[in-house]
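The structure appears right after this line, and notes come after that.
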Amino acid sequence: MVDYHEPYELLSDKTKDVSKALSSLKEEIEAINWYNQRVDTANDEEIKAIMAHNRDEEIEHACMAIEWLRRNMEGWDEELSTYLFKEGKITELEEAAEGEESEGSDDSLKIGDLE
């Protein structure tokens, strides 16, 4: 169990499943990179198309793993909601999200009109 840094028998089943999903995601990302490089360097159009198809299948698998992680590991949903499918500079999205949170939060205890 090379991917485990803590004693395997002490880990919960959920943590073991998350570890499997993260390992699979790493493998899918690596495969995407390899296929993408092959597409870029292939001279034959047919093999280029096959490699592109394979790359796109790996992208699908990576997305499926990310969605499982979003549903099953704390933190993924919030971060993905901050960065995915947004316009503007990626590096500025966190600041914008934090600004929205502070605008929407009100630390005072408002109970409403008691008159």
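The values are calculated or read from the model by the stated rules, or taken from the named source; none is laboratory data. In this text the structure is predicted, and so the values were computed from the model without any measurement. We place every Cβ from the backbone using ideal geometry, glycine too, and count neighbours over all the protein chains shown. Quick note on the areas: whole protein, heavy atoms, side chains included, nothing else; ligands and nucleic acids left out. Shrake-Rupley method; radii C 1.70, N 1.55, O 1.52, S 1.80 Å.
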Shape box of the chain [Cα atoms, principal axes, largest first, Å]: 79, 44, 20
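Which whole number of Å³ per residue matches the convex hull of the alpha-carbon atoms in region 1-66?
Dividing the Cα hull volume of region 1-66 by its residues yields 80 Å³.
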Value at 222 nm in deg cm²/dmol, rounded to 500, when DSSP H runs of n ≥ 4 in the chain each add -39,500 (n - 2.57): -24000 deg cm²/dmol
Charge-dipole axis of the chain as Lys and Arg at +1 and Asp and Glu at -1 on Cβ define it, positive-most pick from 18, 82, 47: 47
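Using a Förster distance of 30 angstrom, determine the FRET efficiency expected from the C-beta separation of residue 60 and residue 9, and round it to 0.05. Spell out each step's value before the answer.
Working: r = 34 Å, r/R0 = 1.14.
With a Förster radius of 30 Å, E is 0.30.
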Residue 14 - accessible surface, heavy atoms, 1.4 Å probe, Å² rounded to 10: 120 Å²
